[in-house]
Amino acid sequence: AAGAGIGAVSALVGIGGGSMTVPLLVWRGVRPVRAVGTSSACGVAIALASAAGYALQGAPQGLPAGSWGFVFLPAAVGIALASVLTAPWGTRLAHRISGPALRRLFAAFLAVVGTSVWLAP
């Protein structure tokens, strides 16, 4: 139930599922570094399901060339490549930072994301 809820909200709001999966896992007693890794793995499934939904819903008229439904393929490829290339850095950073520091860093990230969503027109 939590996974379905997190996936649905992530797709609607346009954020990664990790912003909700990590706090849930930490609240359930999972070590922060393991919660981040598990959330990253879950994020792949959430992203694929969300992208498939947006791709299947888009009408072909009025969308830029290179779009598959509401998914702009050049941007999707760029984001995927950047994610794959930077994932090892994030993994090393998560293992170097203590659990409490990682929690504070993630809380700050969530505050920035929440503020940007709140301020968006």
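The values are calculated or read from the model by the stated rules, or taken from the named source; none is laboratory data. Bear in mind the structure is a predicted one, so any value in this text is a computation, not a measurement. Don't worry about glycine lacking a Cβ; one is built from the backbone with ideal geometry, like all the others, and counts go over all protein chains shown. When the accessible area is computed, the model is the full protein with side chains, heavy atoms only, and any ligands, DNA or RNA have been set aside. Shrake-Rupley method; radii C 1.70, N 1.55, O 1.52, S 1.80 Å.
Peptides 71-80, 49-58 ranked from most to least packed by the mean count of surrounding Cβ atoms within 10 Å: 49-58, 71-80. For SER67, the residues whose modelled amide H falls within less than 5 Å of its own, excluding neighbours fewer than 5 places apart on the same chain, are LEU73. Helices in the chain, meaning DSSP H runs of at least 4 residues, each add -39500 (n - 2.57). Divided by all residues, the mean residue ellipticity at 222 nm is -26000 deg cm²/dmol. A Gaussian network model of the chain, with springs between Cα atoms under 10 Å, assigns the largest mean-square fluctuation among THR38, THR21, THR86 to THR86. Comparing mean-square fluctuations of GLY18, GLY69, GLY29 from a GNM of the chain with C-alpha springs under 10 Å, the top value falls on GLY29.
Heavy atoms of the protein chains alone define the surface here; on that basis the chain has 69 Å² accessible area per residue at 1.4 Å probe size. Here the stretch 1-119 exposes an accessible surface that is 73 percent carbon and sulfur, computed with a 1.4 Å probe and the other protein chains kept in place.
Projection of the Cα convex hull of the chain, averaged over all directions and equal to a quarter of that hull's surface, yields 8.5 nm².
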